[in-house]
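*Asks:* There's a structure below that I have some questions on.
The values are calculated or read from the model by the stated rules, or taken from the named source; none is laboratory data. All values derive from a computational prediction rather than experimental measurement. All Cβ positions, glycine included, derive from the backbone under ideal geometry; neighbour counts span all protein chains shown.
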Amino acid sequence: MKRSLSRRDFLKLASILAMSPLADKTYRVLSRAQATSQASQSPNIIVILLDTLSAVQLSLYGYPRDTSPNLVRFAERATVFHSHHAAANFTTPSTASFLTGVHPWTHRAFHFSGLVRKDLQARNIFNLIGDGYQRTGFAHNLLANALLFQFNEYIDQHIKLGSYSLLDKTIYDNYFPKDALSAYRSFDQYLFWGDYPGSLYFSLAYTLGNVSDYNAAEAKYESAYPRGIPGAGNPQLAFIHKHLFDGVMNLLETRRPPFFTYIHLYPPHEPYLPRKEFMGIFRDDWKPVVKKPHYFSKGETDKHLDILRTRYNEYIANADFEMGRLLDHIAKIGLLDTSYVIVTSDHGQLFERGVHGHNTPLLYEPILRIPLIISQPGQQERIDIHANTSTVDLMPTILSIAGQSVPEWCEGEVLPGLGGEASAQRSIYSVEAKSNYAYQPLSMATFSLIKESYKLIQYRGYKGYEDVSELYDLKNDPDELDDLSKTNPSLVKELRAELDAKIKEADQPALQQP
Amino acid sequence: MDRIKNKFPSIPEIVLVLSTIVFINFSWSIGRMFWFLPSWLYFLSLLDIIPILAYVLAFALFESLLVIGFLMFLSFLLPPRYLRDHFKTQGSLMAIMFGGTSILAHRYLSIAYPWSPRQIIVYSALFVSAVVFLALVISYLSIHRFARFEKLVAGLAERMSIFFYIYGPLGVIGLLVAVIRNIF
């Protein structure tokens with residue numbers, strides 16, 4: 001056996017070794033080019049999520065007030081889903097379900113500013129859609145932005161929370177982008193937040209500075225916004241709609257195709273502060289069906305709820321107007337022909353049974369039923385889908401559109417009309433579980449299960465309202481007035497058994513804290 | 001150089017006043033954190049909470065250094081008898097008064113919400129000046145008039161020094177953790 005290298009062999013080996021980094025680089029460039037070539041045939045995907053937009057209060061879905069003429073116009077060339085339901089009743093769990101394709105009891109982000117389980121965090125839409133897409137995330141909501149920070153390594157461009165606001169004074173986003181989540185909880189949620197913040201001196205200066213800037217902005221826009229300017233949940237994020245939507249338009253103009261852009265906009269989340277033109281546009285005699293106060297009523301009178309509902313409707317009309325501008329712009333720059341445009345929400349809002357808002361154990365339709373309108377590239381006709389669908393269906397649908405396979409663990413299905421099949425037997429789940437430890441079985445929570453036209457609402461672990469079931473026939477009783485749980489106990493039992501099995505299954509991995 | 005140096009109090013006195021400030025700031029920040037802790041435990045693990053604590057400790061140290069810096073600056077500006085000569089006791093007393101006033105100011109801060117930006121600047125400046133002036137006058141009179149009280153405050157400040165040796169290093173560790181997390 002020849003033990004030493006000849007001069008010729010040495011030169012051959014040296015040339016091969018010298019070439020290897022180049023070869024590796026060439027291979028990478030070629031692979032990338034191949035991926036780019038495949039991707040160049042892929043459509044763009046634009047998600048526009050309007051926070052707290054209840055489908056029940058949109059004229060698009062039959063609401064008597066003309067709250068959404070622009071969405072109606074957009075729907076003329078789109079697929080409209082009539083029974084689309086949020087996976088949860090507030091931003092964190094519902095947005096996490098959108099971005100991960102699993103239910104809140106699986107991703108466990110069901111607290112204010114909670115995050116997806118660490119062992120599941122790579123299973124998100126930005127990662128799964130692949131780097132053939134330019135991936136952009138913009139959340140104009142602190143809770144949704146926290147989720148984007150969790151998925152930051154998979155996002156090519158994470159637009160700052162206050163980018164299109166009048167004020168941009170959040171600390172974590174501006175000063176600690178490398179450690180945003182810890183800084184968010186330390187500074188924005190603790191040291192500089194609340195009546196008695198953790199910082200003894202600086203918080204005073206910070207709060208006064210914010211109040212001063214907010215008041216100055218309010219004075220400047222007083223004529224356009226007589227009720228005050230909105231603030232994306234915080235005065236330090238005060239914005240006016242035109243700037244916000246213009247910012248989004250500019251953002252879309254600068255995307256490199258194919259792109260996936262997730263835009264989470266704060267309006268029409270309360271406080272309801274519309275522009276002057278939209279104030280008082282619904283001074284009419286219309287009254288909704290009066291519903292009896294619930295056990296979990298917060299004591300809101302029907303009269304006050306009517307006032308709040310009207311203001312919410314005005315604010316929806318304002319958001320719809322801006323959406324009209326945005327969608328027209330998308331059409332003008334040619335993106336409607338090359339892109340899937342998805343318009344949806346994270347949850348709705350309740351104005352009934354003595355409750356206003358969505359921070360409640362109640363899971364009635366105004367809180368869960370959200371709009372979903374999807375315009376396919378070049379679509380000219382309106383398509384209406386009446387099958388039950390869920391927030392968790394959006395990730396598999398987007399992956400399918402992008403030509404990616406849908407992972408087995410995904411709990412959603414590809415939407416009917418976009419490659420999926422409508423199934424009458426499909427079960428749609430929603431949950432409210434703020435009062436539970438993320439890594440322990442759910443003990444105090446409300447669940448909703450919709451199957452065919454029936455909806456089971458199950459309350460568990462609430463003191464004085466423990467283990468209560470309500471059953472509604474949504475087809476014949478869309479206002480959920482007639483509780484059928486007493487008259488149809490067998491169906492309650494059947495749905496309850498299904499729900500129990502599902503929760504038991506979901507609670508198992510939760511017992512092992514990552 | 002010596003003239004400037006003489007305008008400042010001695011280092012042991014500065015350390016004792018800093019001890020009082022550190023005690024107030026860290027106790028407040030950590031105490032408030034324990035108020036939040038139960039809600040964080042619903043969804044955060046210990047590994048998530050440690051960086052939050054690091055920021056809180058680092059910031060408490062930062063605020064403490066600013067307060068002692070301000071008191072030293074006052075000592076530099078004023079004739080020695082008004083602050084420098086009894087810096088240990090007067091400074092500690094002023095730090096306690098600043099802390100108490102700040103807590104009260106937080107409670108009534110909403111009064112300022114309707115104010116215009118100009119009013120906020122003017123009223124805040126007046127308020128801060130008044131607090132500093134009153135703290136200075138009260139501490140000066142009480143320390144100079146009541147020897148027993150001065151002794152009591154001095155004893156208190158000396159006992160606080162133990163907290164400086166606990167909180168101080170914690171603040172530095174917090175600062176290091178915060179810096180490392182924002183570099184890498």
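*Asks:* Working only within region B:163-175, note down all residues that are free of Cβ contacts under 8 Å to residues at least 24 places away in the same chain and in contact with a helix residue (DSSP H, G or I) (Cβ under 9 Å, 6 or more places away or on another chain).
*Replies:* If the condition is that a residue be free of Cβ contacts under 8 Å to residues at least 24 places away in the same chain and in contact with a helix residue (DSSP H, G or I) (Cβ under 9 Å, 6 or more places away or on another chain), then B:165, B:166 are the ones that fit.
*Asks:* For region A:419-437, name all the residues that are modelled with pLDDT of 90 or more and either of a type in the set (Ser, Thr, Tyr) or over 20 Å from the mean Cα position of the chain (by Cα) (or both).
*Replies:* Answer for region A:419-437, where residues must be modelled with pLDDT of 90 or more and either of a type in the set (Ser, Thr, Tyr) or over 20 Å from the mean Cα position of the chain (by Cα) (or both): A:419, A:420, A:421, A:422, A:426, A:427, A:429, A:430, A:435, A:436, A:437.
*Asks:* Does any residue in region B:93-111 that is on the phi > 0 side of the Ramachandran plot come within less than 6 Å, Cβ to Cβ, of a residue that is part of a helix (DSSP H, G or I) six or more places away or on a different chain, and which pairs are these?
*Replies:* none
*Asks:* Here's another thing I want to ask about it. Residue A:224 versus (1) in contact (Cβ under 8 Å) with a residue 40 or more places away in the chain; (2) among the aliphatic types (A, V, I, L, M); (3) within 14 Å of chain B (Cβ to nearest Cβ): which is the lone unmet condition?
*Replies:* (3)
*Asks:* If you scan region B:126-184, which residues turn out to be of a type in the set (Lys, Arg) and more than 14 Å from chain A (Cβ to nearest Cβ)?
*Replies:* Within region B:126-184, B:145, B:148, B:151, B:159 qualify.
*Asks:* Looking at residue B:109 and the list (1) within 14 Å of chain A (Cβ to nearest Cβ); (2) at pLDDT 95 or above; (3) surrounded by 14 or more Cβ atoms within 10 Å (Cβ to Cβ), which single condition is not satisfied?
*Replies:* (2)
*Asks:* Only one of A:137, A:114 is within 14 Å of chain B (Cβ to nearest Cβ) and under 18 Å from the mean Cα position of the chain (by Cα); which?
*Replies:* A:114
*Asks:* Taking the condition of being more than 10 Å from chain A (Cβ to nearest Cβ) and either outside any helix (DSSP H, G or I) or touching a residue at least 60 places away in the same chain (Cβ under 8 Å) (or both), how many residues in region B:62-77 meet it?
*Replies:* Total satisfying the criteria: 4.
*Asks:* Please find, within region A:173-184, the residue that is nearest to the other protein chains (Cβ to nearest Cβ) out of those that are within 21 Å of the chain's Cα centre (by Cα) and within 22 Å of residue A:213 (Cα to Cα).
*Replies:* A:184
*Asks:* On the given criteria, is residue A:497 in a loop (DSSP other than H, G, I, E, B) and out of contact with any Cys (no Cβ under 8 Å at 6 or more places or on another chain)?
*Replies:* For residue A:497, the condition - in a loop (DSSP other than H, G, I, E, B) and out of contact with any Cys (no Cβ under 8 Å at 6 or more places or on another chain) - is not met.
*Asks:* Take residue B:55 and decide whether it is more than 9 Å from chain A (Cβ to nearest Cβ) and over 14 Å from the mean Cα position of the chain (by Cα).
*Replies:* Judged against the criteria, residue B:55 is not a match.
*Asks:* Find all pairs meeting these conditions: Cβ atoms under 6 angstrom apart; at least six residues apart or on different chains; first residue within region A:326-351 and more than 30 Å from residue A:294 (Cβ to Cβ); second residue of a type in the set (Gly, Ala, Ser) and at pLDDT below 95.
*Replies:* Pairs found: A:337/A:378.
*Asks:* Next question, about the same structure. Can you tell me which residue is nearest to the other protein chains (Cβ to nearest Cβ) among those in region A:185-204 that are charged (D, E, K, R) and crowded, with 19+ Cβ neighbours inside 10 Å?
*Replies:* Within region A:185-204, the match that is nearest to the other protein chains (Cβ to nearest Cβ) is A:185.
*Asks:* Let me ask something else about it. Here are some residues: A:161, A:167. Which one is within 26 Å of the chain's Cα centre (by Cα), assigned to a loop (DSSP other than H, G, I, E, B) and either at positive phi or away from every other protein chain (no Cβ under 14 Å) (or both)?
*Replies:* After ruling out the rest, the residue left standing is A:161.
Residue-by-condition table, conditions (1) surrounded by 19 or more Cβ atoms within 10 Å (Cβ to Cβ); (2) touching a Ser or Thr at 6+ places or on another chain (Cβ under 8 Å); (3) aromatic (Phe, Trp, Tyr):
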{"residue": "B:130", "(1), (2), (3)": "no, no, no"}
{"residue": "B:147", "(1), (2), (3)": "no, no, no"}
{"residue": "B:152", "(1), (2), (3)": "no, no, no"}
{"residue": "B:156", "(1), (2), (3)": "no, yes, no"}
{"residue": "B:159", "(1), (2), (3)": "no, no, no"}
{"residue": "B:163", "(1), (2), (3)": "no, yes, yes"}
{"residue": "B:174", "(1), (2), (3)": "yes, no, no"}
{"residue": "B:179", "(1), (2), (3)": "no, no, no"}
{"residue": "B:183", "(1), (2), (3)": "no, no, no"}
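*Asks:* Of the residues that sit in region A:230-274 and are polar (S, T, N, Q) and more than 30 Å from residue A:404 (Cα to Cα), which one is surrounded by the most Cβ atoms within 10 Å (Cβ to Cβ)?
*Replies:* A:236
*Asks:* So, in region A:78-99, of the ones that are in contact with a Ser or Thr (Cβ under 6 Å, 6 or more places away or on another chain) and in a loop (DSSP other than H, G, I, E, B), which residue ends up surrounded by the fewest Cβ atoms within 10 Å (Cβ to Cβ)?
*Replies:* A:78
*Asks:* Take the residues in region A:205-221 that are more than 7 Å from chain B (Cβ to nearest Cβ) and closer than 27 Å to residue B:69 by Cα, then tell me which one is nearest to the chain's Cα centre (by Cα).
*Replies:* Result: A:210.
*Asks:* Restrict the check to region B:78-87 and report whether at least one residue is more than 21 Å from the chain's Cα centre (by Cα) and in a helix (DSSP H, G or I).
*Replies:* yes
*Asks:* While we're looking at this one, here's another question. Could you please find all residues in region A:291-306 being over 16 Å from residue A:362 (Cβ atoms) and either of a type in the set (Lys, Arg) or exposed (fewer than 13 other Cβ atoms within 10 Å of the Cβ) (or both)?
*Replies:* Residues satisfying the conditions are A:301, A:303.
*Asks:* Please count how many residues of region A:358-390 are farther than 18 Å from residue A:458 by Cβ and polar (S, T, N, Q).
*Replies:* Count: 6.
*Asks:* In addition: Listed residues A:440, A:458, A:425; which is among the polar types (S, T, N, Q) and either within 14 Å of another protein chain (Cβ to nearest Cβ) or closer than 30 Å to residue A:257 by Cα (or both)?
*Replies:* A:440 is the lone residue from the list that is among the polar types (S, T, N, Q) and either within 14 Å of another protein chain (Cβ to nearest Cβ) or closer than 30 Å to residue A:257 by Cα (or both).
*Asks:* Within region B:22-46, which residues are in contact (Cβ under 8 Å) with a residue 12 or more places away in the chain, facing another protein chain (nearest Cβ under 9 Å) and under 17 Å from the mean Cα position of the chain (by Cα)?
*Replies:* Residues satisfying the conditions are B:24, B:25, B:28, B:29, B:30.
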